[in-house]
Amino acid sequence: MSTTATAATYDFLAIEKKWQEYWAKHETFRALNPGEAGFDPDKPKLYVLDMFPYPSGAGLHVGHPEGYTATDIVSRYARMNGYNVLHPMGYDSFGLPAQQYAVEHGIHPRITTERNIANIERQIKMLGFSYDWSRRVATTDPDYYRWTQWIFLQMYDAWYDAEMVWTDPTGRKIQGRARRVADLVQEMEQGRRVVDAAFNAVPAPKGGITPTSGLRAWGDLDEIERRRVIDNHRLAAMAEVPVNWCPALGTVLANEEVTNEGRSERGNHPVYRRPMRQWMLRITRYGDRLLDDLVMVDWPESIKLMQRNWIGRSEGAEVDFLLTGEAGRAVTDDYETFEALKAVRATQGYPVTPADYVLRIYTTRPDTLYGATYMVLAPEHPLVEKISTPEHRAEVAAYVQQARNRSELERIADTKQKTGVFTGAYAINPVNGREIPIWVADYVLMSYGTGAIMAVPAHDERDFAFAKAFGLPIEAVVQPTAQAVKEEYPEDSTPPDQMVQQVLAGERCFAGLGVAVNSGEFTGQPTSEFKKNVTASLEAAGLGRFAVNFKLRDWLFSRQWYWGEPFPIIHCEKCGTVPLPEDQLPLLLPHMEDFKPKASDDPEAPPQPPLARITEWVNTTCPSCGGAAQREVNAMPQWAGSCWYYLRYLDPKNDKAFVDPAVERYWMGASRLPAWAKTEAQQAGGVDLYIGGAEHAVLHLLYARFWHKVLFDLGYISTHEPFAKLFNQGMIRGFAYRDSRGIYVGYDQIDFREDGAYHKETGEKLTESIEKMSKSLKNVVNPDDVVSQYGADTLRLYEMYMGPLEASKPWNTRDVMGVHRFLHRAWRLIVDPETGELSSAVTDGEPDAESLRVLHNTIEAVSRDTERFGFNTAIAAMIMFVNEMTPRDVRPRAVLEPFVQMLAPYAPHIAEELWQRIKGGSWHGSLSYEPWPVYDESLAKEDEVEVAVQINGKVRTRVRVPSDVDAKGLEAAALADEKVKGFIGDMQVRKVIAVPGRLVNIVLGK
RNA sequence: GCCGAAGUGGCGGAAUGGCAGACGCGCGGGUUUCAAAAACCCGUGGGCUUAACGCCCGUGAGGGUUCAAGUCCCUCCUUCGGCACCA
């Protein structure tokens, strides 16, 4: 350790402070926008982005600098290679953690947020990253959230035209586009769209509206109905939907914020499903494009897959089952039997839209329709109450109530043990006219498909379990091959033929593909063919249609907390929801002394947003009619600000627009990148490199893509996708130690000996494990400590040297010394430790061939490795350079200077200092823009190389040959070798493989 | 349960199908020193050996392709990550 540092040795703390002040003072890393004085349009651009931090009270942990260092290396490398580099930083400062921290400590979140930002910014600056600080944003700044609110209003004023086929500026054909609400109104006014029974604006039927179609023209709607149609189509709209209600947090949460166990991601509180009227963003409209456009981006396959799974597109059919008897009569006066409905529909040119007299289900397996033996409604399904017969009503109501009171946790806990009750109602299977019972069970989810299913116990595991539990019939309609059923039950030792018999007998469930049996006219058809045919036949009869479903659900966009963006919306009794006029933005978050949300243990407690308590703020006038009105009192969720921050960095001070279009086109446009960064993705444009943790795989990254596409469709930005290239850094974990009772022990309590870790006080040997860093495991490493002990350059270098960027790896403080020593050695190459002056070994003379060879090998390795993000091996190459140069007493300047440049992206402070010293009095400034050293292959080559010689694949000797020898010459040299001759003896040389520069393999035989 | 990624010395890790273990840590030996630290130099996968020359075994396990496999293919095991009643 350098606590004994004299003025002459590498005084990293002073050097780092000096250069950080220099960079700040000279705005060394300021990136100029097109149009600014000094902007060079001939340089290619590179937009290098970090996932901006959440400014928590704990400050940075060592995981943050890992990604930040990687992007900093790329940024600095790119500047030295002649790029205009945009490398900004900011803070994601709204959200629940700040709210909770503030509640716990009794301090206003505005204050804690400012304090936390100040601390985290100090830490980031202490690490010497080359951010353009003039572009700093915080999502809590009114100048920032003004535009978050503005974008929300654009979504409010937009709808998704799923039918529209259009061509983007690159000539790509796209189906579906967000358009202005005014266009929708116009289409309806002109009669191109009509309104169906569910208030959807659908393309007008060719033959016009028939009386039985349930369709209406725009002119036939009253004011309230018209508003309902429009609201039904807005990309941002309020809707009564089942939401995740967390009474303990006093707010609702998005699906993405609820854990597998049905608890809140934050705080681990129970979450309940409740229907509530909330703001929703219709991300599901973009399901297909969010899925399809993943091919445009250069992202880790694992992340793309997670997004694909999250979107969860499936194809199948919607099928309408007619309700019969009492149930049917309860909901319809006009149609009582299946045959009657079928007859009516047969006369129609246009399929009838959903209405109460049918039970509409979604299935991916329409080929199993003949095996449907009962139906199931989700407890929240609107038909449950209507169709339950008097004798079952009490039981159904009790079950529904019980399901409501079970948290998600409880529902998930017993997926094996199915529950449910019979409603007393029956439905008619459209393919065979059979009446089957309708049940209610919570294994069917209201939020997926139509909230109702046909149950085919013979071919669905869940239905099978339910049928077994309640004694419902199981009828096989798919005959599997012996092999298919064996694959489904690999552990089972039953002979495959017998398994097939068990499936056909309804004793065993089979969910795979096969050939139809007992399926009327379809019997004998393979599954895939059957699906197509039966869907077509249902469609022809108006009883079903091809359908696509997504697991992705609309984004619940309101929260009942204080610390978020207020909605720029006013509720007027006369005009409905009214957007705040643009010139009134930002709508400032009003100050509150008591900002606590109303928390509760009661799942039935209603949400009470804190803002609702400021009556003088809530009560306002309607911008539309001028009458009395109320402000929206919910706040936006954590993710709102992070959906578009990468766009604000481009033009952070603009008060006319969230970004100037010309500026956006430059920084987000397709790059003129060198080979190393060129991918198909970057041709499509976007942020050139985005580095962050994989924990955002579906949340932030999906939401941001969604907003981006909306802004693209509305013409505000120029690219389909926000992030052309994404890279996930691996998690840095820490060694954790616990005693025999399982209690974790902090590092300061541990005596590290050769054979393990011992407790300093008890002497007990401790168990070591590698865990995610966390306070409770007492294995957190604080960057402040590392920097004060070893310096920022050492921390940066160590984090990059630990291993591949994408790998998860454990922090080992002992290893930090290794790179720290390297920096000391690099320092002494140039500075005499005795005098503090330039070392006398540094000469102006012509470099010798060997020094040049070492240098150019290093240039080659560092350049190549940096470009492929192999930062660990790039550092290894620089260490080798220093190890080679250290013993020399003549070290030519011409060799040292390029080395210092190569060190600069990795350890910028020491590099600046060494550069200044080696350049001497003539140098003033930063080396940040000095051209990167050029690799000269002719200087890197040696005249002679050693090549391994294998006999039958085993290395037996080496031969020295000229480095440019060809395969023939290499073969001759190997065969001429005495030792090789000895090995050959009287054996026969069957084959010789000679790979110049690599090896020779001599294959011998008898 | 489903999907994905990964298994290499005492440790972190390196290796376009071409000399496995670069580089660092740790460890052993040496130089320097009154001594220690620091620094510098040498050694360091395991085993055998006449200890020089040299040989054998080694990248989670087993099989395969190839002149040549850590790398490609098949089967299995383990660990980590994601999803999880999505009809």
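The values are calculated or read from the model by the stated rules, or taken from the named source; none is laboratory data. A quick note: this is a predicted structure, and the numbers were derived from the prediction, not measured. Here the Cβ is made from the backbone with ideal geometry for all residues, glycine too, and neighbour counts use every protein chain on show. Accessible surface is based on the protein model in full, side chains and every heavy atom, while ligands, DNA and RNA are left aside. Shrake-Rupley method; radii C 1.70, N 1.55, O 1.52, S 1.80 Å.
The table for this structure:
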| quantity | calculated |
| --- | --- |
| Taking the C-alpha atoms of the range A:38-174, convex hull volume expressed per residue in Å³ | 187 Å³ |
| Angle between chain A longest axis and helix A:813-830 axis [Cα atoms, degrees, rounded to 10] | 40 degrees |
| Reachable lysines, given that their alpha-carbon falls under 29 Å from the alpha-carbon of A:Lys486 and they are not under 8 places away in the same chain | A:Lys416, A:Lys418, A:Lys468, A:Lys531, A:Lys532 |
| Fraction of beta bridges assigned by DSSP in chain A that are antiparallel (%, nearest 5) | 80 percent |
| Span from the the range A:205-242 Cα centroid across to the the range A:902-960 one, whole angstrom | 70 Å |
| Proximal charge balance of A:Leu855 [Cβ under 14 Å; K/R count +1, D/E count -1] | -4 |
| Descending Cα extents along the principal axes, the range A:714-859, whole Å | 67, 65, 26 |
| Percentage of interatomic Cα-Cα distances in the range A:613-654 larger than 11 Å | 74 percent |
| Length released on extending from A:Glu395 to A:Glu104, taking residue separation times 0.36 nm less the Cα-Cα span | 100.3 nm |
| Surface accessible to a 1.4 Å probe, per residue, for the residues of chain A, Å² | 43 Å² |
| Cα-based helix-to-principal-axis angle, A:461-470 vs chain A, degrees rounded to 10 | 40 degrees |
| Tensor-based shape of the range A:1-81 (alpha-carbon gyration tensor, a/c under 1.5 rounded, otherwise prolate or oblate) | oblate |
| Over the range A:865-1006: Kirkwood hydrodynamic radius from C-alpha pairwise inverse distances, Å | 18.7 Å |
| Bins of 5 Å from zero: percent of alpha-carbon pairs in the range A:881-929 | 4, 21, 30, 25, 13, 6, 0 |
| Packing-based order for A:455-468, A:124-137, A:303-316, A:378-391, using average beta carbon neighbours within 10 Å, highest first | A:455-468, A:124-137, A:378-391, A:303-316 |
| With Cα atoms, 0 to 90° folded angle of helix A:12-26 axis to chain A main axis | 60 degrees |
| Over the range A:786-873, volume per residue of the alpha carbon convex hull, in Å³ | 122 Å³ |
| Hull shadow area, averaged, the range A:582-660 [alpha-carbon convex hull, nm²] | 8.0 nm² |
| Chain A - Rg (one decimal) and Dmax (whole number), Cα, Å | 34.7, 109 |
| Rounded percent of accessible protein surface that carbon and sulfur make up, the range A:642-773, 1.4 Å probe | 50 percent |
| Other-chain or far-sequence residues with amide H under 5 Å of A:Arg434's (modelled H) | A:Asn429 |
| Portion, in percent, of the accessible area of the range A:448-532 that falls on carbon or sulfur, probe 1.4 Å | 51 percent |
| The range A:386-505: relative contact order as a whole-number percent, Cα under 8 Å and 6+ apart | 17 percent |
| Cα point-scatterer Debye curve for the range A:684-730, base-10 log of I(q)/I(0) at q = 0.24 Å⁻¹ | -0.86 |
| Over chain A, relative contact order from alpha-carbon pairs under 8 Å, at least 6 apart, % | 13 percent |
| Zero-based 10 Å bins, Cα pair distances in the range A:434-559, whole percents | 11, 33, 36, 15, 4, 1 |
| Fraction of accessible area attributable to carbon and sulfur, the range A:144-293 (%, probe 1.4 Å) | 48 percent |
| Contact order relative to length of the range A:705-824, as percent, for alpha carbon pairs under 8 angstrom and 6 or more apart | 27 percent |
| Net charge, A:Asp943 excluded, C-beta distance under 13 Å - Lys, Arg +1, Asp, Glu -1 | -2 |
| Local net charge near A:Ala37, Cβ-Cβ under 14 Å (Lys/Arg +1, Asp/Glu -1) | -2 |
